[in-house]
Amino acid sequence: MDFTNANCNNGEIFMFQSSSPPKLVQPTPPPPSVIHKAKYKRNSISKNPEEARQKRIELDAQVRRKHREQLITAKRIKHNLDAYKDDDAESEFDLTHHDIEKLKSGLNDSNRDSRLSSLKDLSTYLADPPDTLKHFVINDNCIDILIKFLSGADPEEQLQATWCITNIVAGPKEFCQKAFIAIPHLITSLRGGNISLQDQTAWAIGNLAAEGPECRDLLRSNGVLIPLIELLNSKNVSIVQTTCFALSNLARGPNAKLDEFFSAGITQHLLFYLGTDEMNEVVSEIAWVLTYLTSSEDDKYTQILLKEGIVPLLVKHLRPFNHGPLALPLIRTFGNIASGPDENTDILIQQPDFLPAMLEYIQSDCRPVKKESLWVMSNITASRRPEVLIKVFNAGFIPILSSIATHTNFDIRKEAAYSLLNIASHGEEYMKPLPHQDLLPGFLVFIRSQDIDLIRLGLGYVELLLTQVQNGQQLLEQMQGIDALESVTSQEDPSLRDTSTRLMDKYFGEDFFNTNITEIQSTE
């Protein structure tokens, strides 16, 4: 039976399988996109470990990628702080057609101060454009006017026009498409020596790259990568941070052409900023870049980074414990690394501070940090190597994971349950030491729920309990586990019904009930 988390769109799910006997029906072969992942870890309770591991690793990566993109999305509007000095000021702008004509007149005025004032007004209005301004951008000559400023010789006008472009491309797709013709001018600005203009241009490019694959392809075909990566040489903290924002968005998606990133020398810059104490402010943005470079289906990019010694540099930033902006990208990068071959996991756990730090992070009060840290541990515990599990046991994870799996919100409990089932799936010697007296009630709640994924997890645990723990059947009887199994027979999902029925027939079938009746009669 498949254990599938199907709470996402476009087929983005994550999965692991139980040790149920394989069905006679020939399973559907995995799609080509998961073949690469088949070389890596199996996941949890499966008689076909390679197939189970393929699905879970690939689908885990997809759902995390979607979550990550929703979180950092990648588009950022630049506000004119002067426009928000009055706390009671309206947050939306109501511009009439007359106002738009006045704005256009100011942009074309022969007086420099009038042009600059109009550019600043435009950038402010673009943060929340009314319909009249949208019409000016999409159907009028707004972009053409701005390009005139971008290609001009006045640095301040170039900067203000780039600010306008930044906010335009932070808007809807129609805005971005109108701004495509500005891309060559933006890339030219990247190569100039004006620090403020370079910073603002990188911001605009980051917003453009967030729009989608078409825009990223256009940026790359215009040669954006090399000048962007060269900006990582800057001593200006803001430029490096904004450049990393742009690079993160360029590196997203299945066809990110990461070869070009590495050919342009991005690795040496990442290593430098992770290793230096001079610009700690940029480490969070560097880590976001790494989340994309390590999330590729092709593990060769992760291997390049591992060979360059990226892991010790990342681990040092796990301490002191924090749940600030650095925590999530670091943890997600570790999860991506651990989703690769077992050798990747070995590199992680060889760092003395890694497991102790993860033990702290899974107990974080910050929900996203806690959830992502548990995901990392589900990948760590999927390793085939016994020494990995021994280190997990010795580091004190079992009581904490057990508590989380039975006492927190369902989505958090589910993450902890994956790790525990991964551990249990390694065999009887790892299943026996688990605190089943505490775990079983929680997994029975899973089974009684109406959530298909939780039910599958619960059934997986019960099956392991019955097959690998000597008093598992007795324990299930004592905690009304039979009633929980029977509740699954009303589920529409045939795989859930089949598994529940099979377990009841095998362990609590006619012979079981006849024995119980005999025992009852003998006591009367």
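The values are calculated or read from the model by the stated rules, or taken from the named source; none is laboratory data. Predicted model only: the values in this text are computed from it and were never measured. Positions of Cβ are generated from backbone atoms using ideal geometry, with glycine treated the same way; all protein chains shown enter the neighbour counts. Heads up: the accessible areas ignore ligands, DNA and RNA and are worked out on the full protein's heavy atoms, side chains in. Shrake-Rupley method; radii C 1.70, N 1.55, O 1.52, S 1.80 Å.
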Exercise for the section: Using amide H atoms built 1.01 Å from N in the peptide plane, name the residues 5+ places from K257, or on other chains, whose amide H lies under 5 Å from its own. Expected result: none
Problem - Karplus-derived HN-Hα couplings along the range 167-174 (A = 6.51, B = -1.76, C = 1.60, θ = phi - 60°), whole Hz, x at Gly and Pro - result: 6, 5, 7, 7, x, x, 4, 4
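In debye to the nearest 20, how big a dipole does the range 139-223 give about its Cα centre with +1 on each Lys and Arg Cβ and -1 on each Asp and Glu Cβ?
Values: 6 positive and 10 negative charges, 51 e Å.
Charge dipole of the range 139-223: 240 debye, to the nearest 20.
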Fill in the blank from the handout: Residue-ordered couplings for the range 388-393, obtained by feeding phi - 60° into the Karplus form 6.51 cos²θ - 1.76 cosθ + 1.60 and rounding to whole Hz (Gly and Pro as x), are 5, 5, 4, 5, 5, 4
Handout entry: For D217, solvent-accessible area (1.4 Å; no DNA, RNA or ligand), Å²
Key = 70 Å²
Handout entry: Volume per residue that the Cα convex hull of the range 450-496 spans, once the total is divided by residue count, Å³
Key = 66 Å³
Fill in the blank from the handout: the range 186-283: relative contact order from alpha carbon pairs under 8 Å, six or more residues apart, as a whole percent, is 28 percent
Completion exercise
With x for Gly and Pro, the residue-by-residue ³J(HN,Hα) of the range 365-381, computed from phi through the Karplus equation 6.51 cos²θ - 1.76 cosθ + 1.60 at θ = phi - 60° and given in whole Hz, is 7, 7, 4, x, 5, 4, 5, 5, 5, 5, 4, 4, 5, 5, 6, 4, 6
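Quick one: putting +1 on the C-beta of Lys and Arg, -1 on the C-beta of Asp and Glu, what dipole do you get for the range 195-315 around its Cα centre, in Debye to the nearest 20? All intermediate terms of the calculation are to be shown ahead of the outcome.
Details: 7 positive and 15 negative charges, 17 e Å.
Using Cβ point charges on Lys, Arg, Asp and Glu, the range 195-315 gives about 80 debye.
Which of the three applies to the range 323-436, rounded, prolate or oblate, going by the alpha-carbon gyration tensor with a ≥ b ≥ c and a/c under 1.5 meaning rounded?
Values: a/c = 1.75, a/b = 1.12, b/c = 1.57.
Taking the square roots of the gyration eigenvalues as a ≥ b ≥ c, the range 323-436 is oblate.
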Practice task
Would you work out what percent of the accessible area of the range 422-471, with all protein chains in place, is carbon or sulfur (probe 1.4 Å)?
Solution key: 45 percent
Exercise for the section: Work out the length of the dipole vector of the range 95-136 about its Cα centre, built from +1 on the beta-carbon of each Lys and Arg and -1 on the beta-carbon of each Asp and Glu, and round it to the nearest 20 debye. Expected result: 160 debye
Completion exercise
Mean accessible area per residue over the range 324-424 (1.4 angstrom probe, all protein chains present, square angstrom) is 29 Å²
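Counting only protein heavy atoms and a 1.4 Å probe, tell me what percentage of the range 320-399's accessible area is made up of carbon and sulfur.
Working: 1580 of 2690 Å².
Its accessible area is 59 percent carbon and sulfur atoms.
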